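Enquirer: Take this structure first; my questions come after.
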């Protein structure tokens with residue numbers, strides 16, 4: 001008999017002769033289908049299969065287990081090596097055309113059964129998927145051996161809205177749960193995101209597969225506008241989120257140069273989680289401006305020498321020294337001292353003359369400059385250092401000093 005007709009025949013046989021117990025009439029009860037089956041020997045790359053059509057009305061968890069498996073012959077012979085299991089349970093989209101060669105994109109879940117007391121297939125169907133598929137699924141039970149296999153299968157799925165909710169909550173409790181724990185800025189003002197998996201299971205390994213490499217798992221918005229994102233293989237290349245409680249700190253190449261409202265979201269409905277409510281965090285972030293170490297020149301004192309000459313004390317109270325180039329500059333590019341006598345410009349000198357020993361080249365440096373002006377009567381002296389604002393300083397407003405000198 002052709003394999004195609006074998007499949008159809010076994011489905012019809014099951015529908016007609018299988019004993020089925022259904023408890024769906026009362027709210028809160030699970031639909032249970034229990035039936036015996038016989039699977040004939042299969043061939044390599046073409047296992048003998050029976051197909052059970054499922055038509056679901058409610059979302060929730062599907063569970064399929066086997067029991068009472070018996071194999072013909074003295075020894076179980078597998079159709080492929082290394083063997084993964086004697087029976088393959090797989091849930092398939094019924095849209096597939098060739099039942100003998102089902103593309104992987106049509107397979108929702110599969111499980112190879114080696115020990116029926118331990119192995120079973122379990123799959124959670126959420127409400128969007130149920131609506132998208134119109135509740136239609138096919139359950140395949142395939143014989144992966146060269147023996148004839150008899151046994152029974154036990155199928156459970158939610159039969160009421162109340163039980164759908166209970167099943168959903170039970171399934172969700174075992175899912176991963178990504179949370180944006182914090183967003184802040186590095187010292188160089190790059191956006192830094194801390195992500196934690198608070199769920200009871202890790203993210204599926206497939207989330208790091210090439211299929212998701214071009215998928216934006218992390219999205220960043222500034223003042224409501226999208227400014228970038230990253231895929232999971234960039235966010236967590238070491239797969240810390242594969243573990244419950246796993247934590248990863250991702251530093252993006254996005255720089256925040258002005259105070260902004262930053263909104264960061266993870267996993268835009270791509271991977272099932274306990275909840276999506278903690279997948280985003282919004283904060284107002286302000287850039288950290290580095291304090292540049294600069295010199296700071298002041299006139300700390302204007303005085304008279306015993307010879308009645310005007311003396312000026314200049315100090316560098318900054319955290320950095322005056323650049324070497326200032327001692328070589330001339331004219332408008334020179335750091336100069338300007339003197340005013342009774343409000344009128346008198347003259348001055350460049351740094352090369354004021355500080356021949358280059359004491360102002362170092363933080364805390366102090367130098368005394370003695371001018372040629374002689375004070376013979378009460379005179380107001382005003383002195384300004386770096387009068388042309390050539391030197392970049394921490395404070396540009398403390399360069400002047402004015403006092404009255406009396407001989």
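Enquirer: Residue under question is residue 344, and the condition is that it be in contact (Cβ under 8 Å) with a residue 24 or more places away in the chain, more than 19 Å from residue 300 (Cβ to Cβ) and surrounded by fewer than 17 Cβ atoms within 10 Å (Cβ to Cβ); does it hold?
Expert: No: the conditions fail for residue 344.
Enquirer: Restricting attention to the range 119-141, which residues are closer than 21 Å to residue 86 by Cβ and at pLDDT below 90?
Expert: none
Enquirer: Go over the candidates 305, 275 one by one and state the one that is surrounded by fewer than 18 Cβ atoms within 10 Å (Cβ to Cβ) and within 25 Å of residue 184 (Cα to Cα).
Expert: Result of the check over 305, 275: 275.
Enquirer: If we keep just the residues of the range 35-57 that are out of contact with any helix residue (DSSP H, G or I) (no Cβ under 9 Å at 6 or more places or on another chain) and part of a strand (DSSP E or B), which is surrounded by the most Cβ atoms within 10 Å (Cβ to Cβ)?
Expert: So, considering only residues that are out of contact with any helix residue (DSSP H, G or I) (no Cβ under 9 Å at 6 or more places or on another chain) and part of a strand (DSSP E or B), the one surrounded by the most Cβ atoms within 10 Å (Cβ to Cβ) is 54.
Enquirer: Is it true that residue 60 is assigned by TED's automatic domain parsing to the domain that holds residue 131, modelled with pLDDT of 85 or more, surrounded by 13 or more Cβ atoms within 10 Å (Cβ to Cβ) and touching a strand residue (DSSP E or B) at 6+ places or on another chain (Cβ under 6 Å)?
Expert: Against the criterion (assigned by TED's automatic domain parsing to the domain that holds residue 131, modelled with pLDDT of 85 or more, surrounded by 13 or more Cβ atoms within 10 Å (Cβ to Cβ) and touching a strand residue (DSSP E or B) at 6+ places or on another chain (Cβ under 6 Å)), residue 60 does not qualify.
Enquirer: Considering only residues that are within 13 Å of the chain's Cα centre (by Cα) and modelled with pLDDT under 90, which ones fall in the range 183-202?
Expert: none
The values are calculated or read from the model by the stated rules, or taken from the named source; none is laboratory data. Since the structure is predicted, the reported quantities are computational estimates derived from the model, not experimental observations. Here Cβ is always computed from backbone atoms with ideal geometry, including for glycine, and neighbour counts include all displayed protein chains.
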